[in-house]
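Colleague: Sending over a structure as structure tokens; questions will come in a sec.
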Amino acid sequence: MQVERLDNARARAVFLDRHGLGATRAGSAMAAIDALGFVQLDSVNTFARAHDLILWSRHRPYRPPVLNRLLAGERAVFEHWTHDAAAIPMDLWPLWRMRFARDRMMLERRWARHRPAGFAVQVDEVMRQIADHGPCTSGDVGPGETRGKGGWWDWHPSKTALEYLWRSGALSVVRREGFRKVYDLTERVIPQAVRETEISEAEAIDRLCALALDKLGFATSGEIAAFWAHVTPAEARVWCELEMAAGRAVPVDVSGAEGRIRRCLARPDLLDATVPDLPGRVRILSPFDPALRDRKRAEWLFGFHYRIEIFVPAPQRRYGYYVFPVWEGDRAIGRIDMARQGDVLAVRAFWPEPGVAMGKARLTRLQSELARAAVFGGCGRVDYDTDWLRDA
């Protein structure tokens, strides 16, 4: 069997178009979430939270209150786990029943080893409190319990119970207050028609894998499994084999930025499909942008090595605490260290990527994007450090 080849330029165009960075802009924030499959939620807010920047980069009229309206008012999205906490289109909620069941078993095994006896009693008490008194946050449960400052291993018992009930599907996030989750009974949050939709585990695996492939454009079985972090690698491998046997998918050799070939899976019509031209304008992306979330894939496909340095000691950082990738057309042109300081967007440094010349036209496009970002971030002006434009 002859395997078709997908050159790097077309592969980049396909991938970026599937990730909402093509020429066609999303008609709304909800359209952007639907196209992406989910938007990762993150609390870091040096300039804008990750989810807000992800949506703004695809839909310029977007403003931060819109996402909570989609969650709390319109019930158009629900919040749960993919590889991290995420806002997910509501019509996918039935596919999460499998996730709820698997998380329930995983958490029960984990906390049987690490939590003291009596955890089940806390679960029942938290459920009764919410059923009787309505929505609550983690600060509203377990009065008098010692509250640690570490990760899940250091949560107070009622916070542990709350997380277990959310991850296993008994509770849902009804809204966010600031960045704090407010929980309520799932039956009071998720629309009845959605809750009553029954999907078998086999159907869920099939649909999740199909959606992952369609949103990636081309992928290995491991990348399909990792897309939602929901289906196991073994399940994804079996699905790929079945799709190829049925003729619904074909192997394709995709060329990376440095010519390295990766054998992937794609839909049969991928090579013949028309891919919209990529816009040449500059974009500031979130460090958690879906197009860059898989760091290894981004490095292979675009030749862009990016690591976030939040947890790197300051003297050892190469760039900065929270540095934003900067994109133009089908490639990264640099990364920028900037932060909101009161009413000012302070630009500390921009490092061009190797081989990127910061001529007058490109510099103007970057500064125009920074001016737009300042408006989005509620800043009155942009201030530049004197040595902000660095060498590659």
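Colleague: Identify, by number, the condition in (1) surrounded by fewer than 13 Cβ atoms within 10 Å (Cβ to Cβ); (2) over 25 Å from A9 (Cα atoms); (3) of a type outside the set (D, E, K, R); (4) touching a helix residue (DSSP H, G or I) at 6+ places or on another chain (Cβ under 8 Å) that F179 doesn't meet.
Modeller: All conditions pass for F179, except number (4).
Colleague: I'm trying to understand the selection: among the residues of the range 207-229, which are open to solvent by 10 Å² or more (accessible area, probe 1.4 Å), assigned to a loop (DSSP other than H, G, I, E, B) and not hydrophobic (A, V, I, L, M, F, W, C)?
Modeller: Result: T220, single match.
Colleague: Among the listed residues F15, F100, which satisfies the condition of being farther than 22 Å from R340 by Cα and either in contact with a strand residue (DSSP E or B) (Cβ under 7 Å, 6 or more places away or on another chain) or surrounded by 19 or more Cβ atoms within 10 Å (Cβ to Cβ) (or both)? Show your work before the answer.
Modeller: Numbers: F100 fails: either in contact with a strand residue (DSSP E or B) (Cβ under 7 Å, 6 or more places away or on another chain) or surrounded by 19 or more Cβ atoms within 10 Å (Cβ to Cβ) (or both).
Unique residue meeting the criteria: F15.
Colleague: Related question: How many residues does the range 309-333 contain that are open to solvent by 50 Å² or more (accessible area, probe 1.4 Å), in a loop (DSSP other than H, G, I, E, B) and free of Cβ contacts under 8 Å to residues at least 24 places away in the same chain?
Modeller: Going through the range 309-333 one residue at a time, the tally reaches 4.
Colleague: For the range 308-364, how many residues are touching a strand residue (DSSP E or B) at 6+ places or on another chain (Cβ under 9 Å), of a type in the set (A, V, I, L, M, F, W, C) and over 20 Å from K296 (Cα atoms)?
Modeller: Going through the range 308-364 one residue at a time, the tally reaches 13.
Colleague: What's the number of the only condition in (1) open to solvent by 70 Å² or more (accessible area, probe 1.4 Å); (2) modelled with pLDDT under 95 that L271 fails to meet?
Modeller: Single failed check for L271: (1).
Colleague: Restricting attention to the range 165-202, which residues are more than 27 Å from N45 (Cα to Cα) and assigned to a helix (DSSP H, G or I)?
Modeller: Correct list: L165, T186, E187, R188, Q192, A193, V194, R195, E201, A202.
Colleague: Quick one: count up the residues across the range 1-45 that are closer than 14 Å to S57 by Cβ, assigned to a helix (DSSP H, G or I) and of a type in the set (V, I, T).
Modeller: Of the residues in the range 1-45, 1 are closer than 14 Å to S57 by Cβ, assigned to a helix (DSSP H, G or I) and of a type in the set (V, I, T).
Colleague: Which one is surrounded by the fewest Cβ atoms within 10 Å (Cβ to Cβ), of the residues in the range 251-268 that are farther than 10 Å from A219 by Cα and among the aliphatic types (A, V, I, L, M)?
Modeller: By that ranking, first place goes to I261.
Colleague: Filter the range 63-83 for residues that are touching a residue at least 60 places away in the same chain (Cβ under 8 Å) and in a loop (DSSP other than H, G, I, E, B); which is most open to solvent (accessible area, probe 1.4 Å)?
Modeller: R63
Colleague: Among the listed residues L370, L363, L301, which satisfies the condition of being at pLDDT 95 or above, of a type outside the set (K, R), under 30 Å from G222 (Cβ atoms) and part of a helix (DSSP H, G or I)?
Modeller: Values: L370 fails: under 30 Å from G222 (Cβ atoms); L363 fails: under 30 Å from G222 (Cβ atoms).
That would be L301, the only listed residue that is at pLDDT 95 or above, of a type outside the set (K, R), under 30 Å from G222 (Cβ atoms) and part of a helix (DSSP H, G or I).
Colleague: Do you know which residues across the range 349-367 are under 26 Å from the mean Cα position of the chain (by Cα) and either open to solvent by 70 Å² or more (accessible area, probe 1.4 Å) or not acidic (D, E) (or both)?
Modeller: Taking the range 349-367 and keeping what is under 26 Å from the mean Cα position of the chain (by Cα), we get 349-353, 366.
Once the filter is applied, which keeps residues that are under 26 Å from the mean Cα position of the chain (by Cα) and either open to solvent by 70 Å² or more (accessible area, probe 1.4 Å) or not acidic (D, E) (or both), the range 349-367 yields A349, F350, W351, P352, L366.
The values are calculated or read from the model by the stated rules, or taken from the named source; none is laboratory data. Treat the numbers as computed from the prediction; the structure is a model and nothing was measured. All Cβ positions, glycine included, derive from the backbone under ideal geometry; neighbour counts span all protein chains shown. Each accessible area value is taken on the protein alone, full model and side chains, heavy atoms only, with ligands, DNA and RNA left out. Shrake-Rupley method; radii C 1.70, N 1.55, O 1.52, S 1.80 Å.
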